[in-house]
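Following: one structure in structure tokens, then a few remarks.
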Amino acid sequence: MNTADQSLVKKLNKALILKQIISNAPISRAAISEMTGLNKSTVSSQVSSLLEKDIIFEIGQGQSSGGRRPVMLKFNQKAGYTIGVDIGTNYIIVVLTDLDGEIIVHVEEELDEEDIQVTEHTLIKLVDLAIQKMPHSPYGLVGIGVCVPGLVDNMQNIIFTPNKPIHHLKLKHLLEKKFNVPIFIENEANAGAIGEKEYGDAGNLEHAIFVSINTGIGLGILINGKLYRGKLGFAGEAGHMSIDLNGPRCRCGNKGCWELYASEKSVFSPYLTEEDMPLPQKVTELAQNGDKNIFEAFETFGFYIGIGLVNMMKTLNPDTIILRNTIVESHPLIVDTIKKTISSRMKKEALTDYHLKISSLGRIASSLGVSYIVIEHFLKQLMDEQF
Ligand SMILES: [Zn+2]
């Protein structure tokens, strides 16, 4: 084996060992050797390297199968921190997490729909706030991930955000300059799918779609457990598939787009008032007061969501559909209407074993997803370093 090959093998072994420690900690060197098939001296030397990097640590002593009790190893999830940002049409959510996705700080703010300067100012303010509250650690802030509702290409350029001109902000450049850490940009629904896969409780997401419904609708598609991005990174723009060929013109250029019917705004805008109250809160208040019209609106919402999902199910045959929408999360009866709509338009045989679930992470699914992207990148970089 030449030197380059040897160095690659070392990197791969180290990454494999770290993965075992992250998933199975506390774990002994002997157990790692057994689980990975790597010999004990390889495990021992790579573990020393990981200990030197402060990314793992030794704790007490584990169960012994006779003889000396082994020292156990744990992932040092507090070795560094990440920031995940979700810039929505009318909100910004910022979370600071450790390297295991545990949330240390969560701040958010409602925003004006169009004003992009306010968006930039609020973004910087909230990220600064999270950094101020970051505990001391060996690696500090290892990166910032940001997601936006719109087209993000494979090079992390924001191409177009139909419901708010976030694409006018040179976000990656702006944040790199200001915070001097790696910046990652992702589509909001893709980030949500990653968040649910890594931190949600929807189980083993092999063939799943994450459906994010806010001002618009976006999809994060997992195929064989991996995010499907398409050629340029634009896959999952299902909110802009036509469900009415003669429907109204959409900002995306198409007509009768799904999100013109099934978004919060389209169904519940008659309930928007001048009062300073977010729409989901207003909807809940009306439902609590027994407003008949709002229950009819729930039916309409569920019906239109179901119509689009039928198309997606026929296209992708997912095992699990995860719905992310604040109104559905607060009023799960909408799920019954969605299910009814789906079963009325699909063959029974095609419906066996599909799961329609409400997002377990809720509003923070996407910000956690971009945090995970940062963590994955940081750990990969760390494994690539020579020692
Ligand atoms: Zn459209």
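The values are calculated or read from the model by the stated rules, or taken from the named source; none is laboratory data. Here the structure is a predicted model, which means the values were calculated and not measured. Here Cβ is always computed from backbone atoms with ideal geometry, including for glycine, and neighbour counts include all displayed protein chains. These area figures cover heavy atoms from the full protein model, side chains too; ligands, DNA and RNA do not enter into them. Shrake-Rupley method; radii C 1.70, N 1.55, O 1.52, S 1.80 Å.
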Once R0 is set to 41 Å, what does the formula 1/(1 + (r/R0)^6) return for the Cβ-Cβ distance between ARG249 and ASP201, expressed as a FRET efficiency to the nearest 0.05? 0.55
Under 5 Å, built H, 5+ apart or other chain: amide partners of ILE159: LEU151, VAL152, ASP153
For ILE358, other-chain or 5+-apart residues with amide H closer than 5 Å (H placed, Pro excluded) are LEU323
How big is the dipole moment of the chain about its Cα centre under a simple scheme where the beta carbon of each Lys and Arg is +1, that of each Asp and Glu is -1, and everything else is neutral? Debye, nearest 20, please. 1460
Under the rule of at least 5 residues apart or a separate chain, name every residue whose amide H is placed under 5 Å from the amide H of ILE27. LEU73
Just to verify a number: FRET efficiency for SER344 and GLN281, C-beta to C-beta distance, R0 = 30 Å, to 0.05? 0.40
At a probe size of 1.4 Å, how large is the accessible area of PHE57, to the nearest 10 Å²? 80
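Give me the dipole magnitude in Debye, nearest 20, for segment 202-359 about the Cα centre, with unit charges on the beta carbon: positive for Lys and Arg, negative for Asp and Glu. Write out the running numbers ahead of the final one.
Details: 17 positive and 17 negative charges, 152 e Å.
Roughly 740 debye for segment 202-359.
Can you give the alpha-carbon Rg of the chain over 2.2 N^0.38 Å, where N counts its residues?
Numbers: Rg = 23.2 Å, N = 387, 2.2 N^0.38 = 21.2 Å.
Here the answer is 1.10, to two decimals.
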Just to confirm the number: angle between the C-alpha axis of helix 365-384 and the first principal axis of the chain, 0 to 90 degrees, nearest 10? 30
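Please give the length that would be gained between ASP5 and TYR91 if that part of the chain were fully extended, namely 0.36 nm times their separation in residues minus their C-alpha to C-alpha distance (nm, one decimal).
Fully extending the segment from ASP5 to TYR91 adds 26.1 nm.
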Which value, to two decimals, describes the C-alpha radius of gyration of segment 3-76 once divided by 2.2 N^0.38 Å? 1.08
Stretch gain in nm, segment LYS178-SER41, where the contour uses 0.36 nm per residue and the Cα spacing is subtracted: 44.9 nm
Length-normalised contact order of the chain in % [C-alpha pairs under 8 Å, at least 6 apart]: 16
Anchor LYS170: lysines whose Cα lies under 25 Å away (excluding residues fewer than 8 positions away in-chain): LYS125, LYS178, LYS231
HIS240, HIS136, HIS106, reordered so the largest accessible area comes first (probe 1.4 Å): HIS136, HIS106, HIS240
Each label sits 7 Å from Cα toward the beta-carbon; between PHE160 and GLU52 the label points are separated, in nm, by 5.2
If I stretch the segment between LEU232 and ALA25 completely, what's the gain in nm (0.36 nm per residue apart, minus their alpha carbon distance), one decimal? 70.7 nm
Could you give me the ³J(HN,Hα) list for segment 7-24, computed from phi with Karplus coefficients 6.51, -1.76, 1.60 and θ = phi - 60°, whole Hz, x at Gly and Pro? 5, 5, 4, 4, 4, 5, 4, 5, 4, 5, 5, 4, 4, 4, 5, 4, 7, 10
How far is it, in nm, from the label point at ASP336 to the one at GLN288 when both lie 7 Å from their Cα along the line to the Cβ? 2.2
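Going by a ≥ b ≥ c, the root eigenvalues of the Cα gyration tensor, does segment 257-387 fall in the rounded group (a/c under 1.5), the prolate group (a/b larger than b/c) or the oblate group?
Values: a/c = 2.82, a/b = 1.41, b/c = 2.00.
Oblate shape, in that a/c is at least 1.5 and b/c is the bigger or equal ratio.
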Using the alpha-carbon atoms, what tilt in degrees (0 to 90, nearest 10) does helix 292-316 show relative to the longest principal axis of the chain? 60
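Can you tell me the accessible area per residue over the chain, all protein chains present, probe 1.4 angstrom, in square angstrom?
Numbers: 18540 Å² over 387 residues.
In whole numbers, the chain has 48 Å² accessible per residue.
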